[in-house]
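Taking it in order: structure first as structure tokens, then the write-up.
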Amino acid sequence: MNLTLIDLLVIAGEVILLAIAFSLLLWGMNLCFQRLKQIPRLQFQQQLLTTLQTINVKLFLSLWLVFSLGVMGMNVVLLWNGHSLLPTTLAVFNQLSPRFWLDFSISLLPSAIAIITVIVINKPLRKLLDRISRRLQDWDQFTDNDFSIDQFFQVLKLHLNNSLWLTAFLICTLAFDLQALGEILFTILKIYLIVALGLLILKIPPAIVDTLDAFSEAYFNRNAALRSYAQLRTLIPFLISCLEYTIIIGTTAFAIAQIEPLVGLSQIGVKGIRILGIILAGRILIEFSNLFVVQLFVGKKRLGEGERKRRLTFIPILQSFLKYGIYVWLGILALATIGIDPAPILAAAGLLGLAVGLGAQNLVNDTVSGFFILFENYYLVGDYIKLEKAEGLVEAIELRNTRIRHPNGQLQIIRNGDIKSISNYSREYIYAVIDVGVAYDSDLNVVYQVLEEVGEEIQQRFPNDVLEPTKVDGLEEFGTLQLMVRAVTKLKPNNSRRGVHDDIQGELRKMVKEAFDREGIVIPIPQNIGVIAENQNSDQ
């Protein structure tokens with residue numbers, strides 16, 4: 001195609017001639033409307049006449065645009081076929097017959113009807129969509145999803161308006177028998193409708209999620225399904241992302257399929273959608289398997305404290321096995337989807353895993369130690385334990401590591417292979433031991449009686465934690481300034497962040513101090529006595 005300056009001037013001249021012709025027609029129509037407005041009998045129809053005049057302006061502008069596009073399209077076809085525009089245009093004008101102008105006038109009728117129809121129905125259609133949007137927003141009595149619903153209908157109105165105008169232009173090209181331009185417009189219309197539908201579908205998940213969020217908050221305690229939704233709520237952002245990518249890839253693939261030379265590329269999009277579906281299905285399976293394991297082991301069953309701890313300990317292990325099993329299954333499906341045989345890859349992965357296992361002795365040691373900790377029942381989730389380098393509540397026992405929460409709040413992660421000795425404060429019972437110092441002139445019988453009374457009082461205050469009243473072990477040692485008396489309280493272990501022995505010990509010391517103050521029993525405290533020597537003159 002050889003485009004010259006003369007060709008450009010011919011195209012510009014044709015478009016300008018069309019503009020002049022339609023401007024003259026529009027000017028004449030506007031004069032008619034002005035005359036109609038001056039008729040006394042039509043004074044009450046001023047608004048209707050103004051509306052019709054506006055429609056007339058839009059109609060002529062649309063027709064001019066359609067004709068201009070048609071003229072430019074025909075000129076491009078002529079240039080593509082090697083014709084010169086100026087001689088061809090002059091020859092066409094010389095060959096125009098009265099029959100042509102008759103056909104031209106007849107072709108104007110369906111074009112005008114199509115454009116007028118779009119202009120007339122556009123406004124009522126937008127009002128109808130606004131009414132439906134308001135009804136949907138008021139229907140569920142929630143306000144959280146109003147913005148999402150409104151956004152959906154705003155996008156719907158925009159794409160519906162554009163689709164109607166594209167359809168009207170297509171009808172115009174068909175009416176004037178512009179087949180080449182009509183095929184192009186038809187392809188553009190199909191692609192636009194596909195893209196618009198994809199963009200509309202992208203607006204649906206946020207509206208659904210906002211509605212489900214509002215329902216779950218309002219009826220959480222009434223419906224088991226909504227409680228399950230609340231547990232799966234963290235999965236929603238990932239689900240929406242997968243849906244968005246699926247819609248984008250699907251829309252792109254379907255749009256590309258409308259262009260015949262690019263049909264083969266659409267298969268890549270289909271494979272991408274399948275892989276996204278596999279990933280989404282795997283993530284959903286993992287979340288549901290986690291919920292299933294929790295319901296299977298604990299659920300609504302009435303369990304003792306020890307049995308519940310044992311079950312809570314095994315839940316993370318089983319969840320990990322299921323999760324990694326699902327990951328392997330997803331990988332196999334993804335490889336099969338893109339046409340790769342997974343068997344050789346699995347064989348190579350097995351050999352690689354064997355080599356890594358032989359080299360990673362620490363990993364094997366940690367894993368084996370984790371199994372022994374679990375099956376020998378050394379400690380469970382919720383136990384308060386003390387190791388060589390850590391102490392606190394056990395939060396999780398994994399195959400490689402144990403997670404311990406220190407009383408000060410730090411999370412300590414200990415390799416199972418590094419755990420040598422364990423002090424478990426949460427098995428059957430534990431003793432809270434306090435040593436109390438009293439003065440040498442104190443009556444020990446009174447001291448023992450006061451301590452026993454305090455022990456009975458603390459058992460009454462904490463009946464679920466104190467198994468037996470405080471017992472006095474007697475005189476523990478003779479100190480420099482005090483006699484050391486030991487008292488022992490048998491306690492039931494629980495999952496206090498400091499260990500129940502520390503909690504009860506602190507309360508017991510407080511009660512002993514208050515009781516000693518009431519009885520006049522003195523707890524000696526060390527006193528520093530300073531001696532100031534006067535410096536004397538060496539001559540004296």
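The values are calculated or read from the model by the stated rules, or taken from the named source; none is laboratory data. Worth saying up front: this structure is predicted, and the values here are computed from it rather than measured. Every residue, glycine among them, receives a Cβ derived from its backbone with ideal geometry; neighbour counts consider all protein chains shown.
Does region 108-138 hold any residues that are of a type in the set (A, V, I, L, M, F, W, C) and in contact with a Phe, Trp or Tyr (Cβ under 9 Å, 6 or more places away or on another chain), and which are they?
Leu108, Ala114, Ile115, Val118, Leu129, Ile132, Leu136, listed by residue number.
Looking at region 169-176, can you tell me whether even one residue there is in contact with a Leu (Cβ under 6 Å, 6 or more places away or on another chain), of a type outside the set (Phe, Trp, Tyr), in the same structural domain as Leu199 (by TED's automatic domain parsing) and modelled with pLDDT of 80 or more?
There is at least one residue in region 169-176 that is in contact with a Leu (Cβ under 6 Å, 6 or more places away or on another chain), of a type outside the set (Phe, Trp, Tyr), in the same structural domain as Leu199 (by TED's automatic domain parsing) and modelled with pLDDT of 80 or more.
So that you can scan it fast, the table gives a plain yes or no per residue for (1) farther than 16 Å from Cys172 by Cβ; (2) part of a helix (DSSP H, G or I); (3) at pLDDT 70 or above:
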residue: Ala19; (1), (2), (3): yes, yes, yes
residue: Arg41; (1), (2), (3): yes, yes, no
residue: Thr54; (1), (2), (3): yes, yes, yes
residue: Leu63; (1), (2), (3): no, yes, yes
residue: Thr88; (1), (2), (3): yes, yes, yes
residue: Ser105; (1), (2), (3): no, yes, yes
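Among the residues of region 466-489 satisfying the criterion of being out of contact with any Pro (no Cβ under 9 Å at 6 or more places or on another chain) and not in a strand (DSSP E or B), which is farthest from Pro524 (Cα to Cα)?
Leu467
Output the residue which, of all residues in region 426-461 that are of a type in the set (A, V, I, L, M, F, W, C) and under 54 Å from the mean Cα position of the chain (by Cα), is farthest from Leu387 (Cα to Cα).
Restricting to residues being of a type in the set (A, V, I, L, M, F, W, C) and under 54 Å from the mean Cα position of the chain (by Cα), the top hit is Ile458.
Is it the case that region 448-463 has a residue that's in contact (Cβ under 8 Å) with a residue 40 or more places away in the chain and part of a strand (DSSP E or B)?
No, the conditions are met nowhere in region 448-463.
Can you tell which of Glu457, Glu452 is surrounded by fewer than 17 Cβ atoms within 10 Å (Cβ to Cβ), of a type outside the set (Val, Ile, Thr), touching a helix residue (DSSP H, G or I) at 6+ places or on another chain (Cβ under 8 Å) and modelled with pLDDT of 85 or more?
Glu457 is the lone residue from the list that is surrounded by fewer than 17 Cβ atoms within 10 Å (Cβ to Cβ), of a type outside the set (Val, Ile, Thr), touching a helix residue (DSSP H, G or I) at 6+ places or on another chain (Cβ under 8 Å) and modelled with pLDDT of 85 or more.
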